Amino acid sequence: MRCPKCDGDMERVIFHEIEIDRCSLCRGLWFDMLEKEDLVAIEGSETIDIGNPSSGKRYNKLQHSKCPVCGVLMLPMIDKDQHHIHYESCPTCYGTFFDAGEFRDLKEFNVVERFIEMVRTLRQNF
Ligand SMILES: [Zn+2]
Ligand SMILES: [Zn+2]
């Protein structure tokens, strides 16, 4: 598979039996449908995002990239909770592409959210 942003080689990374594709050059991450949701829920999954966030930001500006699986133009998306996270989503296969550092960013928010939720539950119990 070729990277939709820099045309680099995408390499297979397996985390908890979930296969992700990661670009060997820009370190962008490709998730098949719903893989992102599964991964966000697994502890430590941010370790797959090894890229440099500042180079990820550069690629973030590259829009109108084509889906590496089906070749159709992907749609620019904005994360519903963190509006500074822009990613691309394929309207055909529902895969998503995250630039380096974005998945880690997304994941950190989820950890914080869960912590707040935990504190809230604790408070209710006391
Ligand atoms: Zn790339
Ligand atoms: Zn696609």
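Every number in this text was worked out from the coordinates using simple rules, so none of it is lab data. In this text the structure is predicted, and so the values were computed from the model without any measurement. Note that each Cβ is placed from the backbone with ideal geometry, even for glycine, and that neighbours are counted across all protein chains shown.
Applying 1/(1 + (r/R0)^6) with R0 = 25 Å to the Cβ-Cβ distance of Leu122 and Ala41, what FRET efficiency is obtained, to the nearest 0.05? Each step should come with its number before you reach the end.
Values: r = 21 Å, r/R0 = 0.84.
In this case the efficiency is close to 0.75.
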When the chain is fully extended, how far beyond the present Cα-Cα distance does Phe109 get from His16, taking 0.36 nm per residue of separation?
-> 31.4 nm
Report the antiparallel proportion of the DSSP beta bridges in the chain as a percent, rounded to a multiple of 5.
-> 100 percent
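What order, most packed first, do the peptides 77-86, 105-114 have when packing is the mean number of other Cβ atoms within 10 Å of each residue? Each step should come with its number before you reach the end.
On the way: 77-86: 12.4, 105-114: 14.5.
In descending order of packing, they fall as 105-114, 77-86.
By how many nm would the segment from His64 to His83 grow when fully extended, if each residue of separation counts as 0.36 nm and the alpha-carbon distance is taken off?
Numbers: separation 19, 0.36 × 19 = 6.84 nm, distance 1.89 nm.
Extending this stretch completely gives an extra 4.9 nm.
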May I have the pair-distance distribution P(r) for the chain, computed from all Cα-Cα distances with 5 Å bins from 0 and rounded to whole percent?
-> 2, 11, 21, 24, 19, 10, 5, 3, 3, 1, 0, 0
What does the highest-first list of 46-54, 19-27 look like by mean Cβ count within 10 Å?
-> 19-27, 46-54
Backbone HN-Hα couplings from phi across region 70-82 [Karplus 6.51/-1.76/1.60, Hz, Gly and Pro as x] = 10, x, 8, 5, 7, 9, x, 10, 10, 4, 5, 9, 10
